[in-house]
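Throughout, read-outs are computed from the coordinates displayed, never taken from laboratory work. The shown structure was predicted, so the numbers you read here are calculated from the model rather than taken from an experiment. Here the Cβ is made from the backbone with ideal geometry for all residues, glycine too, and neighbour counts use every protein chain on show.
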Amino acid sequence: MSIGDLGKATNTKVETVRYYERIGLLPKPPRTGGNYRDYGQAELGRLSFIRRARDLGFSLDQVRALLKLSDDRSGDCAGIDRIAKAHLVEVDRKLADLAALRRELNAVIDSCEGGSVADCRIIEALGPAEPS
């Protein structure tokens with residue numbers, strides 16, 4: 001299949017496919033007689049894996065490590081577990097940050113008493129902090 005077909009099948013832009021090849025996440029595929037990339041099921045599966053991992057928020061370095069570990073089908077999955085657990089810690093941290101942001105935004109919104117923009121507590125809260 002062509003690079004365009006691979007991109008459509010995985011909802012990946014052609015430039016992203018090329019980028020993944022350049023950085024070594026995807027192997028360079030064989031070429032046709034007309035020098036076009038010729039992808040098969042292995043590349044489709046690998047790119048689908050990369051896309052799903054990226055959709056779940058794994059970094060490119062984590063994806064690279066997961067791919068390396070998954071290439072050794074007889075290996076121990078402890079390394080994969082470590083990567084997934086580290087990512088979960090990061091997701092939990094981001095959720096805590098978002099919860100704090102939500103509380104802060106609610107407090108700012110609740111402090112709004114209506115009136116004119118000149119007296120708006122939201123604009124005031126978003127403005128620069130007073131020098132100490």
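Each Cα pair under 8 Å and six or more residues apart adds its separation to the average, and for the chain the resulting relative contact order is 14 percent. Karplus-derived 3J(HN,Hα) values for the stretch 52-66, using 6.51 cos²θ - 1.76 cosθ + 1.60 with θ = phi - 60°, are 5, 4, 5, 4, 7, x, 5, 6, 4, 5, 5, 4, 4, 5, 4 Hz; glycine and proline are entered as x. Within the shell defined by Cβ-Cβ distances under 13 Å, the residues around GLU113 carry a net charge of -2, with Lys and Arg each +1 and Asp and Glu each -1. The overall shape of the stretch 1-46 is rounded: from the C-alpha gyration tensor, with semi-axes ordered a ≥ b ≥ c, the ratio a/c is less than 1.5. Within the set of other residues whose C-beta is less than 11 Å from the C-beta of GLY4, count the net charge using Lys and Arg as +1 and Asp and Glu as -1. So the surrounding residues net to +2. How would you classify the stretch 47-108 from its alpha-carbon gyration tensor, with a ≥ b ≥ c the square roots of the eigenvalues: rounded for a/c under 1.5, else prolate if a/b is greater than b/c, otherwise oblate? Prolate, since a/c reaches 1.5 and a/b exceeds b/c.
Here's how it looks for SER59: its modeled amide H is under 5 Å from none belonging to a residue 5 or more places away or on a different chain. Could you tell me whether the stretch 1-102 comes out rounded, prolate or oblate from its Cα gyration tensor? Rule is a ≥ b ≥ c as square roots of the eigenvalues, rounded for a/c under 1.5, then prolate if a/b exceeds b/c, otherwise oblate. Oblate shape, in that a/c is at least 1.5 and b/c is the bigger or equal ratio.
For the chain, the tally of Lys pairs with Cα-Cα distances below 28 Å comes to 9, considering only residues 8 or more apart or on different chains.
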